[in-house]
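The values are calculated or read from the model by the stated rules, or taken from the named source; none is laboratory data. None of these values were measured; they are calculated from a predicted model. Because the Cβ atoms are built from the backbone with ideal geometry, glycine has one as well, and the counts that use them run over all protein chains shown. These area figures cover heavy atoms from the full protein model, side chains too; ligands, DNA and RNA do not enter into them. Shrake-Rupley method; radii C 1.70, N 1.55, O 1.52, S 1.80 Å.
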Amino acid sequence: MNDAIKFSSTVSAMTRGGILVVTIDNAPVNATSADVRSGLEKALVHAEATANVAGVVITGAGKTFIGGADIREFGKPAIGPTLPAVIEKIEKLSKPVVAALNGAALGGGLEVALACHYRVASSTAQVGLPEVKLGIVPGAGGTQRLPRLIGIPAALDLITSGRSAKTDEALSLGIIDEIAKADLVETAISAAQKLSGKQLRRTGELSIATNEAAEIERAAARILGRARGQKAPAEAVRLITSSNRPLTEGLADERATFLTLRDSREAAALRYVFFAERESSRVEGLEGIEPRPVKTIGICGLGLMGSGIAIVALAAGYTVIGLDQTAEAAEKGRERIVGLLERNLASGRLDQNGFEAQKARLSVTASDADLAPCDLVIEAVFDDLAVKIDLFRRLDKVIRPGAVLATNTSYLNPDEIAAATAYPERVLGMHFFSPAHVMRLLEIVRCARTAPDVLATGLAVAKKLRKLPVVAGVTEGFIGNRIFSAYRREAEFLLEDGALPHEIDAALEDYGFPMGLFAVYDMAGLEIAWARRKRQAAARDPATRYVGIADTLCEMGRFGQKAGRGWYAYPDGKRTIDPDVTAIIEAARTQKGITPRAFPKSEIQERMLKAMAAEGEALLAEGIAARPSDIDLVMINGYGFPAHKGGPMFART
Ligand code: T1G
């Protein structure tokens, strides 16, 4: 082997068996920064010009091949060479270039690989073009080369979903040519040696099957239906479905579209969310604080929420001990959890070994004493203060003092629960969103006396559960429900001022929410908020504006979809505008002497956004939320706020 050649600070190479093995080493994810692009270009020029180099292998250092273009460079002045220029050099090289995918090849990383003449992957690699998740389209040939390799329908699925494919699927689709059985780079070297001197398969020169028009049309319609006002998926559909045109034409259209989208508000919002998700688990003052070790998690209450938490804990590798009030209830809980595991097995999310292993790590009981081995106990019992305090007092007697106690309460004050226990510093809130095995968001509630390493433990467990943790201070409803209450309050003000439920819902759906507020309200049921309003009635300040319309509906038994009527009527299960509700709203306006007026969608949206942002500002001022982007993550991941709008705090900027 010859000595290494450094083409840039992040790109080096050495010649092995006549093949120039180029390694990209740009921590943390080998993003194709300007230095990487320049190093790659120099390596290709060197390979072309060096007689005893018969071919090239490109691979990454660490666990990622190339994680994509460097998102942090977006919006800054472009530094040459551009990625498309480097990629064109790869494809046009006279000698074989083989990609050795040592890990994730995403975005620009996959685009580099697609321009190579052969692709070998390690079994742990994954490939994908996730650009739409950033509000852009692939900008370096993905929409033009992928269809040439795997056909338009499969390319539409991968590019417009932004999902990754593991190596088995990538092989069967034709994205990669081989899964290395032995050493990856050695396999790639021998592939390059075999291709040397042979006719090279250049992806850009491949033709595209055009006999799938009906399937393509159906797929395109489905994708556009799901886009909900986002531009990137629609542009991706246009570029992919028109990719059977001369490559240079398609590449030029793709690049222009990418540059336009990259500078759009939608893309800026999604980049903001991308970095916000990585910021949320950074808590000031926790640097260097070690979380407490957690291997066994106890879950008290095996209803919908508790069983969902059990599923994610089992999937994360924890041993789970479920507790319920009686042996029958515990057994019912176990059946519910195993049923969910069986669904995962049936859907292929779990293989048989995984199913058996997870099932084996689950036990249930009705006896507190069986929770003794737990390092963390999460309660998801009935949301009543006395019930929770009694449970935590019982747990104080059976789990070791160093074990962590977490309450999943949505609205109770965790400080009151903690204060009633023997070791308040080991108590925190872990507010899961239902269904817990689906929703990523997890509010980690820092109680007044939560010890730093206990908070660090909550964050570490959240990460292992593959949740998106956001730290909240103690206030009624923490971050999400506090903002949701403000959002709901403003909507009810709008009802009194002249708007109707379906108009408000239409404005919110037009903005990008999957469902309007009143439709969601009817689905969740009006009685929960009603019970809380009645509890708070005595303490309510008579000077603050209060809308009694929801109370009127509840007094009439209009609790929502389950009751067959709420804000809407559901004659055949179908949500229908109900003139009776309109009459109730009109009566409420008359009673308050309000002269109603019409509200355009834009004004409804503006008032709702302002109400959320104002509550967000209050949460920041009170120190309940650490940063605006945490608030945005909560509203996007827990309440359907459209990610491509960035969240209520981003939207006000
Ligand atoms: N650019 C810049 N920084 C990035 C980055 C990227 N593409 N990807 C990750 N990071 C940072 C991230 O912010 C974090 O920083 C650290 O790396 C570790 O990330 C031309 C234009 C690759 C699967 O969308 O999916 O290519 O917090 O915690 O869990 O068509 O990162 O440490 O300061 O996520 O091991 C397309 C995005 C870009 C992939 C690794 N590519 N990244 O996951 O680490 S656009 C993507 C990921 C593009 C082309 C277009 C994941 C990962 P910090 P991490 P991980």
Long-range amide H partners of MET430 with built H, under 5 Å
THR407, ASN408, THR409, VAL445
Amide hydrogen neighbours beyond the local backbone of ALA69, cut-off 5 Å, H modeled:
THR32, GLY108, GLY109
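Based on the alpha-carbon gyration tensor of the range 5-263 and its eigenvalue square roots a ≥ b ≥ c, which shape applies: rounded if a/c is under 1.5, prolate if not and a/b is larger than b/c, or oblate?
prolate
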Given the DSSP H assignment, sum -39500 (n - 2.57) over each helix run of at least 4 residues in the chain and divide by its residue total; what's the result at 222 nm in deg cm²/dmol, nearest 500?
-14500 deg cm²/dmol
Relative contact order (percent) for the range 480-623, with alpha-carbon contacts under 8 angstrom and 6 or more residues of separation?
35
Going through LYS63/LYS194; LYS166/LYS194; LYS63/LYS467; LYS133/LYS610; LYS76/LYS463 one by one, the pairs whose alpha carbons sit over 29 Å apart turn out to be LYS76/LYS463
Neighbour-limited loop hits for chymotrypsin sites (Phe, Trp or Tyr not before Pro), the range 36-129 (at most 16 other Cβ within 10 Å; DSSP other than H, G, I, E, B)
PHE74
Sorting TYR487, TYR411 by accessible area (1.4 Å probe), largest first, what list results?
TYR411, TYR487
Once neighbouring chains are kept in place and the probe is 1.4 Å, which whole percent of the accessible area of the chain is contributed by carbon and sulfur?
55
What is the range 270-419 by shape, rounded, prolate or oblate, if you read a ≥ b ≥ c off the alpha carbon gyration tensor as root eigenvalues and call it rounded for a/c under 1.5, prolate for a/b larger than b/c, and oblate otherwise?
oblate
Checked against the positive end of the charge dipole of the range 1-77 (+1 on Cβ of Lys and Arg, -1 on Cβ of Asp and Glu, about the Cα centre), the farthest of ALA54, LEU44, SER8 is SER8
Shape of the range 214-265 from its Cα gyration tensor (a ≥ b ≥ c, root eigenvalues): rounded if a/c is under 1.5, otherwise prolate when a/b > b/c, or oblate?
oblate
The range 80-219: relative contact order as a whole-number percent, Cα under 8 Å and 6+ apart
30
So for each of 138-150, 206-218 I average, over its residues, the number of other beta carbons within 10 Å; can you give me the resulting order with the highest mean first?
138-150, 206-218
At what distance in angstrom do the alpha carbon centres of the range 102-119 and the range 53-93 lie from each other?
9
Residues with amide H under 5 Å from that of GLY55, placed H, sequence gap 5 or more:
LEU20
Tally Lys/Arg at +1 and Asp/Glu at -1 over every other residue whose Cβ is under 12 Å from the Cβ of GLN126; what's the total?
+1
Please report the accessible area of ILE636 (heavy atoms, 1.4 Å probe, ligands and nucleic acids excluded) in Å², nearest 10.
30
What number results when the radius of gyration of the chain, computed over Cα atoms, is divided by 2.2 N^0.38 Å?
1.09
Karplus ³J(HN,Hα) for the range 222-231 (6.51 cos²θ - 1.76 cosθ + 1.60, θ = phi - 60°; Hz, whole; x = Gly/Pro) runs 5, 5, 5, x, 8, 5, 6, x, 7, 7
The chain - percent relative contact order, Cα under 8 Å, separation 6 or more
9
For a quick check of your reading of the filter: which trypsin sites (Lys or Arg not before Pro) in the range 268-326 sit in a DSSP loop and have no more than 13 other Cβ atoms within 10 Å?
ARG282, LYS295
Quick one: Cα centre-to-centre distance for the range 232-257 and the range 623-639, in angstrom?
36
Apply the Karplus parameterisation 6.51 cos²θ - 1.76 cosθ + 1.60, with θ equal to phi minus 60°, to every residue of the range 241-257 and state each ³J(HN,Hα) to the nearest whole Hz, in sequence, with x for glycine and proline.
6, 10, 7, 8, 10, x, 3, 4, 5, x, 5, 5, 5, 4, 5, 5, 5
Nearest-20 debye value, the chain charge dipole, Cβ charges on Lys, Arg, Asp, Glu:
740
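Which order do the peptides 248-261, 8-21 take when ranked by the mean count of other beta-carbon atoms within 10 Å per residue, highest first? Can you show the working numbers first?
Values: 248-261: 17.6, 8-21: 19.9.
Top of the packing list down: 8-21, 248-261.
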At a 10 angstrom cut-off on C-beta neighbours, averaged per residue, how do the peptides 392-398, 155-161 rank from highest to lowest?
155-161, 392-398
Show me, for the range 391-406, the HN-Hα J-couplings you get by feeding each phi into the Karplus relation (A = 6.51, B = -1.76, C = 1.60, θ = phi - 60°), rounded to Hz, glycine and proline as x.
4, 5, 5, 5, 5, 3, 7, 10, 9, 5, x, x, 6, 9, 10, 10
Heavy atoms only, probe 1.4 angstrom, no DNA, RNA or ligands counted: give me GLU111, GLU279 ranked by accessible area, highest first.
GLU279, GLU111
In Å², and per residue, what accessible area does the chain have when probed at 1.4 Å with the other protein chains present?
42
To the nearest 10 Å², what's TYR423's accessible area with a 1.4 Å probe?
80
